[in-house]
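Peer 1: First the structure, which I've put down as structure tokens, then a few questions once you've had a look.
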Amino acid sequence: MNLWNSPESTSVGREPMHAVRRGERVRLNGEWGFELLDDPCRRPSGRWRPIEVPGAWTMQRIGDSPHYTNVTMPFPEYPPSTPTRNPTGVYRRVFQADPRWTGRRVVLHVGAAESVLLVRLNGREVGASKDSRLAAEFDLTDHLRPGGNELLLTVVKWSDASFLEDQDQWWHAGLTGEVYLYTTPATYLADVHAVADYDPGTGDGTLTVTAELGSRDATSAATWRVRVHALGAAVEEPVPMRRPRAVPSEQLEIPAELAEVDLFGLYSGRAAGIAVPAPLAAAGEMISAAMFPAPARRVAVTIPAPGVTPWNAEQPTLHDIAIELVDEDGTVVDATTLRVGFRRVEIVGRDLLVNGRRVWIQGVNRHDFHPRTGRTLVPEQIAAELELLKRHNINAIRASHYPAHPALLDLADEYGFYVIDEANIEGHAYASALCRDPRYLGAFVDRVSRMVLRDRNHASVIAWSLGNETGSGPNHDAVAAWVRAFDPTRPLHYEGAISADWYGGHGQTDIVCPMYPTIEALRAYGADPRSDRPLIMSEYQHAMGNSNGSLDEYWEVIRSTPGLQGGFVWELWDHGLDPDGDGRYRYGGDFGDEPNDGNFCLDGLLFPDGTPHPAMFELRHVFAPLRVAGTAADVRDGAVEVRNERSFAALDDLRLTARVVTATGTGQAVEIPLPPLAAGASARVALPRALVETIAGHDGVLAVRFEVSTAKDERWAPAGAELSVQQVVVAEPRADLPGIVPMGARPAGLELDGEGLLVHPLLSQGPRLAFWRALTDNDRSRFVRGRLAATGLADVRRELVAVGESRGRTFVRARYVTATGHVIEHEQAIAVERDGRLRVDEHVEIPATLTDIPRVGVEMTTAAGFDRVTWVGDGPHECYPDRRASALTGRWSARVAEMAVPYIRPQENGGRTGVVHAELTRDDGATLTLDADRPMQLNVAHVTTADLASATHVWRLRPRAETVVHLDVAHRGVGTASVGPDLPTRYRVGAGSYSWTWWLGAAAS
């Protein structure tokens, strides 16, 4: 059968999904023989080449490369058909049968295969499986032979299942999960399920462990027992067995009036109004037992847990459980372990509650991703990833858009995360069709049910998601009903159910989980009387390139509006691939993959190497566990308000220190004792006397900086790890603050070139107006790009109108004419100050026809060698007008190259807001200073706007020896418009008058 074009077939000979952990494994990871075919119907030639398992073959340079599309399928066929050329990998491995396996069941575990897996052992077909993200297991016992055994695993890249795996990520192929063998006794623990319920009203818990037995023989296990060790107790229950009762043959005479009665009616004794004699009822039971064997034997053990410590993401307390299968002789035949957390998840009205308390979902969407392997991970990599998330105060993960690597949930239980586990269903290209196609019904149920069976013992999993972007149809109704009946302990999540109507879709989702709503839409939901469920955004704040504007404003509305509980930022990783390990990250089209969606896969908070985007600091700030609030008057009076922003934990695991910030730097950290504040509580806290005296005795204080850190070693961070840095501004920065020293010898004279531009010995290009920036990914969106392009500001012609002098000042009038004919008038007055600096007064008139432009400011280029910058303003990381909640006022210093942010597709980057003073220095001591009469947007870089705009990859940029300086009086915010709403009008730059003053100073070497 052509399994790869048969959506009704989800597996052949595959073992049921389970949650039993097997300790002893014969690992088959490592080097396998491999042959790539172009058709799954072809047979391998036997010319094997080495390949590494696990790992996508698309990342191992064997002739089939990665392919990136977002929505569009990478081939034109309609479901369920696949392309004629269908790359097929055949993997070969010989393993030795262990003599100790005799009499035991031997199972093959394949952690993940994309997208159809066919298994052959010693030339015999064993089975097949679909679903590229979940493990498939096969009983090899009857196919083994003593000594060497040849295992062939065939992986077909494209299949009917590919249409259900149309996620926004790279298309790969191969054995991407680990492969191993394990053995069990003939009668074994087939599955274990633990429900660790917690009653927040009483503080007591109840543990119910259900064990399911499997057996390869007919041996009765009637006198066997299941023993559970938990909470200091050992409780056991006998294994129930249903045995057919022996009925003497003479009692089976069937009366004539029953001769035509359907025997199935006898089994229950309800034969259409005909009384069934007792012997026949007994016979029916016997026949029923013979014709319909009892389901796998199950036994449930219940253990009370009075006063148990519950699990939550802030205090992830876990309890170890051991489950044993014991035979009639008292021998432990099989055993496994679990770690459970006692907790209850429920929805009450518009609130999602964990242990009776409302929780904030401060989440991110994540894929399994690695730049070298595609998506093959090891637990250590996942641990490092989750540790980074915890240090940035992220407490929730949406497993987009498939069940994650199993190690992730183990670590999420341990570290403390709320997880929405999502089924491997996304039929984006055919969303409205697949959800209604009965041929795919089995695949829907298979994928969701196997996820639930694998992951239901994890405390971190608080909701089941039916998938992503696959419309809403009867296939979803069917699988939602299954999940509700099978696991009533968790709510359902599915965005497709409410995508057209936030107030509908109750059958498929218990959570209103929209994508990319506006702040106004969120506020409206909270005020609407039809709102009857919690709203948790499945995706928002699209983190593509220089992005994530207005995150703080989203959370101001979330925290103040009933019914809103947070959401999941899209997404965690930039999916740039680096198959050669040279740091040159690739995106769609870089592998000759057509069609492709370009750099749309670069939309994460982390660069591919795990380095955070600057936007991660914004998340860390907005999600801070402890909030410090106050005014300049408060800190001068010696007290601030401290609020515990968590849902469960007090403050004993946190440390708070403070520093005084001036224009010359920051003072020593002083510890502030924290009161024993309960979750959600606030209190006024006194500042140390020494800190208050420093503020009172220094007239150049800019701010008091508060640092929140871990007070003790955590599993995910050592003591002293920084979790948040906040500030109370005492005085807005000014260029005349103490510590900012004007410098520079008096110029020999004021000189202009033939275009009326200032000539300066330390500048290779004098200052001129700038209105354009290298478009960000959000600027390139369909919502914004056309509007910005219509301005013509990417190509501006400057025309000198007049130059004159009066009372020691030189006046320059010019106009800037855009490529589309808009005219911007500019007047400039330049004078030499007594301290030797050049004072420049600017006045710009943006015409009414230009309502949305990137920037208004001046641009200049230094001579070569000015490689270090110091500034007074916001820092230390990149910030823009709508993404500066985490920015800190102070004096900062860096190399010019360090100011840049290496977004893989070059774009506007590296800006700093609120700058009133900057110094650029050269190794020989030469210095340029810039001062402004108001906070400005500063950008310094070794590349020009044109360099950024023309480069396709950051590694193609060639840094210049000169430094390009932008000093903007107005700069457009970054927003999130690549997917989602454009930024609010208050962060746009438009028509009107702009006047400001700035000074240029210099000191020679």
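Peer 1: Might you check whether a residue that is over 26 Å from VAL729 (Cα atoms), of a type in the set (A, V, I, L, M, F, W, C) and in a loop (DSSP other than H, G, I, E, B) occurs anywhere in the stretch 886-893?
Peer 2: No, there is no match, as no residue in the stretch 886-893 is over 26 Å from VAL729 (Cα atoms), of a type in the set (A, V, I, L, M, F, W, C) and in a loop (DSSP other than H, G, I, E, B).
Peer 1: Which one of ARG92, ARG25, ARG42 is out of contact with any Leu (no Cβ under 8 Å at 6 or more places or on another chain) and either modelled with pLDDT of 95 or more or more than 30 Å from SER978 (Cα to Cα) (or both)?
Peer 2: So the residue among ARG92, ARG25, ARG42 that is out of contact with any Leu (no Cβ under 8 Å at 6 or more places or on another chain) and either modelled with pLDDT of 95 or more or more than 30 Å from SER978 (Cα to Cα) (or both) is ARG42.
Peer 1: To continue, here is another question. Find all pairs meeting these conditions: Cβ atoms under 6 angstrom apart; at least six residues apart or on different chains; first residue within the stretch 678-706 and under 23 Å from GLU722 (Cβ atoms) and not assigned by TED's automatic domain parsing to the domain that holds ARG659; second residue among the charged types (D, E, K, R) and surrounded by 13 or more Cβ atoms within 10 Å (Cβ to Cβ).
Peer 2: Partner pairs satisfying both residue conditions: none exist.
Peer 1: Also, quick follow-up: Tell me whether the stretch 840-852 contains one or more residues that are within 30 Å of THR976 (Cβ to Cβ) and part of a strand (DSSP E or B).
Peer 2: yes
Peer 1: Restricting attention to the stretch 834-867, report how many residues are over 21 Å from PHE771 (Cα atoms) and crowded, with 20+ Cβ neighbours inside 10 Å.
Peer 2: Within the stretch 834-867, residues that are over 21 Å from PHE771 (Cα atoms) and crowded, with 20+ Cβ neighbours inside 10 Å number 3.
Peer 1: Out of everything in the stretch 708-723 that is in contact with a Leu (Cβ under 7 Å, 6 or more places away or on another chain) and either at pLDDT below 95 or part of a strand (DSSP E or B) (or both), what residue ends up being farthest from MET616 (Cα to Cα)?
Peer 2: THR710
Peer 1: Report whether or not ALA887 is surrounded by 20 or more Cβ atoms within 10 Å (Cβ to Cβ), modelled with pLDDT of 95 or more and in contact with a Cys (Cβ under 6 Å, 6 or more places away or on another chain).
Peer 2: So ALA887 fits the description; yes.
Peer 1: List every residue pair whose Cβ atoms sit under 8 Å apart, with the two residues 6 or more apart in sequence or on different chains, where the first one lies in the stretch 928-948 and is assigned by TED's automatic domain parsing to the domain that holds TRP772 and modelled with pLDDT of 95 or more and the second, anywhere, is hydroxyl-bearing (Ser, Thr, Tyr) and part of a loop (DSSP other than H, G, I, E, B).
Peer 2: Once the first residue is assigned by TED's automatic domain parsing to the domain that holds TRP772 and modelled with pLDDT of 95 or more and sits in the stretch 928-948, its partners that are hydroxyl-bearing (Ser, Thr, Tyr) and part of a loop (DSSP other than H, G, I, E, B) give VAL940/THR963; ALA941/THR963; HIS942/THR963.
Peer 1: Quick check on this structure: which one of THR309, THR331, THR302, THR336 is surrounded by fewer than 16 Cβ atoms within 10 Å (Cβ to Cβ), closer than 14 Å to ALA194 by Cα and not aliphatic (A, V, I, L, M)?
Peer 2: THR302
Peer 1: When you scan the stretch 536-546, do you find a residue that is modelled with pLDDT of 95 or more, of a type in the set (Val, Ile, Thr), buried (at least 24 other Cβ atoms within 10 Å of the Cβ) and out of contact with any helix residue (DSSP H, G or I) (no Cβ under 7 Å at 6 or more places or on another chain), even just one?
Peer 2: yes
Peer 1: So which pairs qualify, if the first residue must be in the stretch 480-497 and assigned by TED's automatic domain parsing to the domain that holds ALA443 and modelled with pLDDT of 95 or more, the second must be of a type in the set (D, E, K, R) and part of a loop (DSSP other than H, G, I, E, B), the Cβ gap must be under 6 Å, and the two must be at least 6 apart or on different chains?
Peer 2: Partner pairs satisfying both residue conditions: ASP487/ARG456; PRO491/ASP510; LEU492/ASP510.
Peer 1: Test GLY857 against the stated conditions and say whether it is at pLDDT 95 or above and either under 23 Å from THR985 (Cα atoms) or aliphatic (A, V, I, L, M) (or both).
Peer 2: In short, yes.
Peer 1: Now for a different question. Search the stretch 500-514 for residues being among the aliphatic types (A, V, I, L, M) and without any contact (Cβ under 8 Å) to a residue 60 or more places away in the chain, and hand back the single one that is nearest to ALA481 (Cα to Cα).
Peer 2: Out of the qualifying residues, it is VAL512.
Peer 1: For residues that are more than 15 Å from THR337 (Cα to Cα), surrounded by 15 or more Cβ atoms within 10 Å (Cβ to Cβ) and not aromatic (Phe, Trp, Tyr), scanning just the stretch 214-234, find the one that is modelled with the lowest pLDDT.
Peer 2: Going through the qualifying residues, I end up with ALA221.
Peer 1: A follow-up question, please. Counting only residues that are of a type in the set (Lys, Arg) and in a loop (DSSP other than H, G, I, E, B), which one in the stretch 971-1005 is nearest to the chain's Cα centre (by Cα)?
Peer 2: The extreme case among them is ARG972.
Peer 1: Of everything in the stretch 653-674 that's over 29 Å from the mean Cα position of the chain (by Cα) and either in a loop (DSSP other than H, G, I, E, B) or assigned by TED's automatic domain parsing to the domain that holds VAL915 (or both), which residue is nearest to VAL354 (Cα to Cα)?
Peer 2: Checking each candidate, the answer is LEU674.
Peer 1: I need the full set of residues from the stretch 568-587 which are touching a Cys at 6+ places or on another chain (Cβ under 8 Å) and either at positive phi or in a loop (DSSP other than H, G, I, E, B) (or both), in order please.
Peer 2: Scanning the stretch 568-587 gives HIS575, GLY576, TYR587.
Peer 1: Further question: So which of ARG734, ARG768, ARG746 is among the basic types (Lys, Arg), more than 30 Å from ILE394 (Cβ to Cβ), outside the structural domain of GLU641 (by TED's automatic domain parsing) and at pLDDT 90 or above?
Peer 2: ARG768
Peer 1: Has the stretch 147-164 got at least one residue that is outside any strand (DSSP E or B), at pLDDT 95 or above, small (Gly, Ala, Ser) and surrounded by fewer than 20 Cβ atoms within 10 Å (Cβ to Cβ)?
Peer 2: Within the stretch 147-164 (the criterion being outside any strand (DSSP E or B), at pLDDT 95 or above, small (Gly, Ala, Ser) and surrounded by fewer than 20 Cβ atoms within 10 Å (Cβ to Cβ)), the answer is yes, since at least one residue qualifies.
Peer 1: I need a count of the residues in the stretch 98-143 that are surrounded by fewer than 17 Cβ atoms within 10 Å (Cβ to Cβ) and of a type outside the set (D, E, K, R).
Peer 2: Number of matching residues: 7.
Peer 1: What is the one condition in (1) assigned to a loop (DSSP other than H, G, I, E, B); (2) surrounded by 23 or more Cβ atoms within 10 Å (Cβ to Cβ); (3) out of contact with any His (no Cβ under 6 Å at 6 or more places or on another chain) that VAL419 does not satisfy?
Peer 2: (1)
Peer 1: Take THR509 and decide whether it is modelled with pLDDT of 95 or more, of a type in the set (Ser, Thr, Tyr) and closer than 20 Å to GLY566 by Cβ.
Peer 2: yes
Peer 1: Continuing with this model, one more query. Restricting the search to the stretch 357-380, which residues are more than 15 Å from PRO54 (Cα to Cα) and more than 14 Å from the chain's Cα centre (by Cα)?
Peer 2: ARG357, ARG358, VAL359, TRP360, GLU380
Peer 1: Let me ask something additional. Out of curiosity, is ARG643 surrounded by fewer than 19 Cβ atoms within 10 Å (Cβ to Cβ), touching a helix residue (DSSP H, G or I) at 6+ places or on another chain (Cβ under 9 Å) and not assigned by TED's automatic domain parsing to the domain that holds THR870?
Peer 2: Spelling it out, it is not the case that ARG643 is surrounded by fewer than 19 Cβ atoms within 10 Å (Cβ to Cβ), touching a helix residue (DSSP H, G or I) at 6+ places or on another chain (Cβ under 9 Å) and not assigned by TED's automatic domain parsing to the domain that holds THR870.
Peer 1: Here are ALA831, ALA814: which of them is buried (at least 20 other Cβ atoms within 10 Å of the Cβ) and either of a type in the set (A, V, I, L, M) or assigned to a strand (DSSP E or B) (or both)?
Peer 2: Criteria check complete, one pass: ALA814.
Peer 1: Sticking with this one: Looking at ALA696, ALA717, ALA703, which one is closer than 18 Å to ARG659 by Cα and surrounded by fewer than 20 Cβ atoms within 10 Å (Cβ to Cβ)?
Peer 2: ALA696
Peer 1: Quick one: in the stretch 646-670, which of the residues that are out of contact with any Pro (no Cβ under 6 Å at 6 or more places or on another chain), farther than 22 Å from ALA894 by Cβ and in contact (Cβ under 8 Å) with a residue 60 or more places away in the chain is surrounded by the fewest Cβ atoms within 10 Å (Cβ to Cβ)?
Peer 2: Result: ASP653.
The values are calculated or read from the model by the stated rules, or taken from the named source; none is laboratory data. Only a predicted model underlies this, so the values are computations on that prediction, with no experimental measurement involved. With ideal geometry, Cβ positions are generated from the backbone for all residues, glycine too; neighbour counts draw on all protein chains shown.
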